[in-house]
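Beneath this line is the structure, given in structure tokens, with notes to follow.
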Amino acid sequence: MENNIYIEDFISALPELLIIEQNLTPWELTSKLNKIIEQILPRLGTEYKITDGIAIHKSIVVENGVTFKRPFIAMGNCFIGANAYFREGVILGKSVKIGPSSEIKSSIICAKTAIAHLNYIGNSIIGQNVNFEAGSIAANHYNEKKDKRIRVKYKNKVIDTGIEKFGGLIGDNSRIGANAVLSPGTILEKGSIVKRLELIQQIPD
């Protein structure tokens, strides 16, 4: 699976982070993201303030009550709203906006994307200029199934990822409506529209 099909020039979208392996599938990438970020951190320049595995570009705005867990990288001109919660393994591209009380885990959020307030993004790769309205969720785990392995639909084929935690791959310029839910393993092409309150479930039960 080629990430570039969904995210234009995936590596150049994160130009300071060229160590990222292009040949990994999205679920392999999110699974290995902690290790990848740990390798990136020593290569970052002086424009980042780096403390205990957390790298924050000096140009970003961070409101009160934000929690960062290592490893974490936020690139230039990001905005992070009050009480946002970043669990391990997160990269924010340039000019990303994260709204108040959103939670992000093991994910890459590419440039100019906006995640509104009260959102959850788990184990996902979110393209450039994507908008998640308030309360929308990229779920990463099947709580209700006995077989929790995540399967994805790609080019009309079902692929067993072999893992139990993967949210999705969301193409550039997509729009996710308020309180919509993307089921684990969701793959959206560039410019996709998800309506408010809509459930995306690409692999039937």
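Keeping to the range 50-83, report how many residues are closer than 20 Å to Asn34 by Cα and out of contact with any His (no Cβ under 9 Å at 6 or more places or on another chain).
Total meeting the criteria: 15.
For the range 45-64, give me each residue that is surrounded by fewer than 17 Cβ atoms within 10 Å (Cβ to Cβ), among the β-branched types (Val, Ile, Thr) and outside any strand (DSSP E or B).
Result: Thr46, single match.
Could you please give the count of residues in the range 23-33 that are in contact (Cβ under 8 Å) with a residue 24 or more places away in the chain, within 27 Å of Thr51 (Cα to Cα) and over 13 Å from the mean Cα position of the chain (by Cα)?
0
Restricted to the range 151-168, and to residues that are out of contact with any Ser or Thr (no Cβ under 7 Å at 6 or more places or on another chain), of a type outside the set (D, E, K, R) and not in a loop (DSSP other than H, G, I, E, B), which residue is modelled with the lowest pLDDT?
Going through the qualifying residues, I end up with Tyr154.
Kindly check whether there is at least one residue in the range 120-134 that is assigned to a loop (DSSP other than H, G, I, E, B), of a type in the set (Phe, Trp, Tyr) and at pLDDT 95 or above.
Checked the range 120-134: no residue is assigned to a loop (DSSP other than H, G, I, E, B), of a type in the set (Phe, Trp, Tyr) and at pLDDT 95 or above.
Is it the case that Lys190 is surrounded by fewer than 17 Cβ atoms within 10 Å (Cβ to Cβ) and not acidic (Asp, Glu)?
no
How many of the residues making up the range 65-116 are touching a helix residue (DSSP H, G or I) at 6+ places or on another chain (Cβ under 9 Å), part of a loop (DSSP other than H, G, I, E, B) and in contact (Cβ under 8 Å) with a residue 40 or more places away in the chain?
Selection size over the range 65-116: 3.
Output yes when any residue across the range 141-150 is touching a strand residue (DSSP E or B) at 6+ places or on another chain (Cβ under 6 Å) and either hydrophobic (A, V, I, L, M, F, W, C) or not in a loop (DSSP other than H, G, I, E, B) (or both), and no when none is.
Within the range 141-150, none of the residues are touching a strand residue (DSSP E or B) at 6+ places or on another chain (Cβ under 6 Å) and either hydrophobic (A, V, I, L, M, F, W, C) or not in a loop (DSSP other than H, G, I, E, B) (or both).
Ala134 fails exactly one of the following numbered conditions: (1) small (Gly, Ala, Ser); (2) surrounded by fewer than 22 Cβ atoms within 10 Å (Cβ to Cβ); (3) within 13 Å of the chain's Cα centre (by Cα). What is the number of that condition?
Result: Ala134 passes all but (3).
Considering the range 69-89 alone, what residues qualify as being crowded, with 21+ Cβ neighbours inside 10 Å and over 18 Å from Pro42 (Cβ atoms)?
Cys78, Ile80, Ala84, Phe86, listed by residue number.
Could you list, in sequence order, all residues of the range 117-139 that are in contact (Cβ under 8 Å) with a residue 24 or more places away in the chain and over 20 Å from Glu189 (Cβ atoms)?
Passing the criteria: His117, Gly122, Ala134, Gly135.
The values are calculated or read from the model by the stated rules, or taken from the named source; none is laboratory data. Bear in mind that the values here come from a model prediction, so they are computed numbers and not experimental data. Positions of Cβ are generated from backbone atoms using ideal geometry, with glycine treated the same way; all protein chains shown enter the neighbour counts.
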